[in-house]
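The values are calculated or read from the model by the stated rules, or taken from the named source; none is laboratory data. What you are looking at is a predicted structure, and each value in this text was computed from that prediction instead of being measured. For neighbour counting, all protein chains shown are included, and Cβ atoms are generated from backbone atoms with ideal geometry for every residue, glycine included. The area values use the complete protein model at the heavy-atom level, side chains included, leaving out ligands, DNA and RNA. Shrake-Rupley method; radii C 1.70, N 1.55, O 1.52, S 1.80 Å.
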There are 2 protein chains.
Amino acid sequence: MDIRTRLLETAEQLFDRHGFTATGMDRLTQGAGISSRTLYKHVGNKNGLIAAVLNERDRRFHRQVETDSVDALFGALEIWLAQEAARGCLFLRAWGETGGDVPEIAEAMARHKQRMRERIDAIVVAEIGRQDDELAESIQLLFEGATHAAAYRGVATVEVARRAAHRLAGLARIA
Amino acid sequence: MDIRTRLLETAEQLFDRHGFTATGMDRLTQGAGISSRTLYKHVGNKNGLIAAVLNERDRRFHRQVETDSVDALFGALEIWLAQEAARGCLFLRAWGETGGDVPEIAEAMARHKQRMRERIDAIVVAEIGRQDDELAESIQLLFEGATHAAAYRGVATVEVARRAAHRLAGLARIA
DNA sequence: GCACATGTAAAGTGACCGTTTTACACTGCG
DNA sequence: CGCAGTGTAAAACGGTCACTTTACATGTGC
């Protein structure tokens with residue numbers, strides 16, 4: 001496997017499991033099986049590594065969530081949470097741990113949320129046949145809520161979010 | 001002002017602004033204007049301080065959110081987020097930064113979420129005249145979602161959550 | 001008036017932080 | 001053949017980490 005890929009996958013796991021600040025470079029190099037010199041050649045510094053991990057995760061997450069119905073959207077979230085463990089949104093966690101002070105990380109977070117919003121906009125159009133900002137924002141809230149509530153209420157809470165989104169879409173359809 | 005109160009208030013601010021791991025004990029003692037010896041006498045160690053901060057915040061948050069209508073609940077959240085700055089749920093952030101491995105912190109988080117759930121259960125009864133787990137869980141999802149989405153979409157998103165909760169309550173009322 | 005609790009200031013503990021450096025091995029290409 | 005590129009291992013960098021210790025100043029109550 002490619003060195004950079006191995007590094008990013010290892011880092012994503014360790015960051016998600018133990019937190020960003022708490023995960024030292026030694027554990028990262030050891031986990032990826034590379035020297036620290038190589039790590040710094042590839043990602044510059046720790047914040048660069050965090051940003052790279054987030055951007056790669058965004059690509060992977062988006063690929064999974066690229067659906068065009070409310071059902072499929074929350075179904076994808078359910079699968080994601082079931083196989084990745086639910087510890088809240090990694091983008092918001094990175095942003096929070098760094099106090100919002102690292103531009104590359106803040107931008108990765110904002111970009112990810114914006115991309116999610118565009119996907120939901122498309123789903124709304126597919127569901128009710130027209131744009132509806134209020135509905136889209138509500139679905140994003142339910143999606144965000146499920147992502148975080150799953151950490152303490154379990155993945156089953158995604159089903160509740162899916163049904164609530166469905167009901168709101170139904171109301172929007174007849175409005 | 002009481003030393004312990006001053007310490008907890010300072011710590012809450014610094015933890016919220018910069019993250020838990022990133023906030024060193026020096027900055028805490030300096031911020032609170034106390035010696036490190038006194039700090040350790042009062043809270044034992046850093047995890048003890050974090051747990052104490054969370055438990056105090058739970059008390060304060062709950063006092064603000066102790067309402068009995070959907071409108072008032074989200075109104076309270078809006079006020080809270082407007083005056084405290086929205087960086088996501090501090091309980092989930094602490095839990096995530098410590099990898100869920102610190103019992104006192106994990107318990108503080110779970111207790112806080114459980115208390116929130118009980119409040120929402122009471123609100124549901126007040127709103128529709130009977131218990132409704134599905135509605136309560138949906139409202140908790142919207143509340144959680146608004147808390148986190150406010151970090152990147154601004155406090156205005158709380159209004160959207162409030163309206164969505166209202167609609168779902170309306171549906172539950174006629175069901 | 002003396003013990004005691006509670007506070008301060010400041011130095012010291014060893015461990016670990018992110019990052020750089022030094023020295024060396026392997027590979028593929030002109 | 002030689003050399004640039006890419007990797008390793010391991011030590012060193014100065015700094016900061018959470019936490020403890022030492023030494024000293026208070027005020028309070030018996």
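A single entry from B:LYS41, B:LYS46 fulfils the requirement of being within 14 Å of chain A (Cβ to nearest Cβ), open to solvent by 20 Å² or more (accessible area, probe 1.4 Å) and within 16 Å of DNA strand C (Cβ to nearest atom): B:LYS46. Screening B:ALA122, B:ALA86 for residues that are more than 10 Å from every other protein chain (Cβ to nearest Cβ) and within 12 Å of the chain's Cα centre (by Cα) leaves exactly one candidate, B:ALA86. Going by the conditions given, is A:THR38 in contact with a Gly (Cβ under 6 Å, 6 or more places away or on another chain) and assigned to a helix (DSSP H, G or I)? Taking the combined requirement at face value, the residue does not satisfy it. If the condition is being assigned to a loop (DSSP other than H, G, I, E, B), open to solvent by 40 Å² or more (accessible area, probe 1.4 Å) and either at negative phi or within 16 Å of DNA strand C (Cβ to nearest atom) (or both), then segment A:49-94 contributes A:GLU66, A:ASP68, A:ARG87.
Suppose we keep only residues that are of a type in the set (A, V, I, L, M), more than 7 Å from every other protein chain (Cβ to nearest Cβ) and touching a residue at least 40 places away in the same chain (Cβ under 8 Å) within segment A:127-151. Which one would you say is most open to solvent (accessible area, probe 1.4 Å)?
Of the residues in segment A:127-151, the ones of a type in the set (A, V, I, L, M) are A:128, A:135-136, A:139, A:141-142, A:146, A:149-151.
Pick out the ones that are also more than 7 Å from every other protein chain (Cβ to nearest Cβ) and you get A:128, A:135-136, A:139, A:150.
Next, only the ones that are touching a residue at least 40 places away in the same chain (Cβ under 8 Å) stay: A:128, A:139, A:150.
Values: A:ILE128: 26, A:ILE139: 3, A:ALA150: 7 Å².
Of everything passing the filter in segment A:127-151, A:ILE128 is most open to solvent (accessible area, probe 1.4 Å).
Across segment A:152-166, the qualifying residues are those that are in contact (Cβ under 8 Å) with a residue 12 or more places away in the chain and in a helix (DSSP H, G or I), and the one among them that is nearest to the chain's Cα centre (by Cα) is A:VAL158. The set of residues in segment A:164-174 that are farther than 15 Å from B:GLY145 by Cβ and touching a helix residue (DSSP H, G or I) at 6+ places or on another chain (Cβ under 9 Å) comprises A:HIS166, A:ARG167, A:ALA169, A:GLY170, A:LEU171, A:ALA172, A:ARG173. List every residue pair whose Cβ atoms sit under 7 Å apart, with the two residues 6 or more apart in sequence or on different chains, where the first one lies in segment B:18-31 and is near DNA strand D (Cβ under 9 Å from one of its atoms) and the second, anywhere, is β-branched (Val, Ile, Thr). From residues that are near DNA strand D (Cβ under 9 Å from one of its atoms), the pairs are B:PHE20/B:ILE50; B:THR21/A:THR21; B:ALA22/A:THR21; B:LEU28/B:THR10.
Which residues, taken from segment A:13-24, are open to solvent by 20 Å² or more (accessible area, probe 1.4 Å) and either more than 11 Å from chain B (Cβ to nearest Cβ) or assigned to a loop (DSSP other than H, G, I, E, B) (or both)? Correct list: A:GLN13, A:THR21, A:ALA22, A:GLY24. A single entry from A:ARG27, A:ARG111 fulfils the requirement of being of a type outside the set (Asp, Glu), open to solvent by 60 Å² or more (accessible area, probe 1.4 Å), in a helix (DSSP H, G or I) and under 30 Å from A:ARG163 (Cα atoms): A:ARG111. Please specify each residue of segment A:152-175 satisfying the condition of being facing another protein chain (nearest Cβ under 8 Å) and open to solvent by less than 20 Å² (accessible area, probe 1.4 Å). Within segment A:152-175, A:THR157, A:VAL160, A:ALA161, A:ALA164, A:LEU168 qualify.
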